[in-house]
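Peer 1: Here's a structure for you.
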Amino acid sequence: MREWREQSLEFDEAPYVYQYATLFDLIGQARGKKDALIVALDHITDVGNLGAIIRSAEVVGATGVIIPKKRAAQVNKTVYRTSAGAVEYIKVAQEANISQCLKRLKDEGFWVGGASAQAKTTIWNAPIEGRLVVVMGAEDTGTSRLVRETCDFEFKLPQRGFTQSLNVAQCFTAIAYEWLRRTQ
């Protein structure tokens, strides 16, 4: 992997080309690990949110991130900057069918938990530990029906305030740290 040096990057002169991983790369990296976190993003379209999620995932030691090939933000210069270069240290897989990826990950011993504001269970009572895939849906539409049906369980972050919910990247950061707390 390349070492991240902000001062040496000349984004305006050359295009940034990211080498995506595959689901099988993530599975290989997680194989044999008792604790492994993978983030599956269901049509997150804002590049700022994608970069922030990648940064949080890398900071807690996640195995990787899965994004759809279509109708979703892609890794670009803005994502690189927003992630503070974390895209160079964590694998981002680009796959055509998120629901099929989740099924494959279940076959590999992962539990799949969907973050949803409509969930009945809070994160405090959800099995957020071990080999886990956290599914995050788009802020405006949430998780698609097929992806939601593939989840083993759904959970939400508790809240006391009046604001409807957190930004998707902030929400994932809270979830990621709860996973880290439980797996240490």
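The values are calculated or read from the model by the stated rules, or taken from the named source; none is laboratory data. This one's a predicted model, so the numbers in the text were calculated from it and none came from an experiment. When we count neighbours, we look across all protein chains shown, and the Cβ atoms used for this are built from the backbone with ideal geometry, even at glycine. Side chains are part of the model used for accessible areas, which takes the heavy atoms of the whole protein and leaves out ligands, DNA and RNA. Shrake-Rupley method; radii C 1.70, N 1.55, O 1.52, S 1.80 Å.
Peer 1: Give region 152-171 a look and list any residue that's out of contact with any Ser or Thr (no Cβ under 8 Å at 6 or more places or on another chain) and assigned to a loop (DSSP other than H, G, I, E, B), or say none.
Peer 2: Across region 152-171, the qualifying residues are Asp152, Arg160, Gly161, Phe162, Thr163, Gln164, Ser165, Leu166, Asn167.
Peer 1: For Arg145, which of the numbered conditions (1) touching a residue at least 24 places away in the same chain (Cβ under 8 Å); (2) under 23 Å from Ala73 (Cβ atoms); (3) of a type in the set (D, E, K, R) fails to hold?
Peer 2: (1)
Peer 1: Further question: Being closer than 19 Å to Leu132 by Cα and at pLDDT 95 or above narrows it down to one of Asp42, Asp46, so name that one.
Peer 2: Sole residue among the options that is closer than 19 Å to Leu132 by Cα and at pLDDT 95 or above: Asp42.
Peer 1: Within the group Thr122, Thr78, Thr63, which residue is of a type outside the set (Phe, Trp, Tyr) and loosely packed, with under 14 Cβ neighbours inside 10 Å?
Peer 2: Going through Thr122, Thr78, Thr63 in turn, just one is of a type outside the set (Phe, Trp, Tyr) and loosely packed, with under 14 Cβ neighbours inside 10 Å: Thr122.
Peer 1: Determine whether Leu166 is surrounded by fewer than 22 Cβ atoms within 10 Å (Cβ to Cβ), of a type outside the set (Phe, Trp, Tyr) and free of Cβ contacts under 8 Å to residues at least 24 places away in the same chain.
Peer 2: yes
Peer 1: Now for a different question. Right, Leu157: touching a strand residue (DSSP E or B) at 6+ places or on another chain (Cβ under 9 Å) and either open to solvent by less than 10 Å² (accessible area, probe 1.4 Å) or not aromatic (Phe, Trp, Tyr) (or both) or not?
Peer 2: yes
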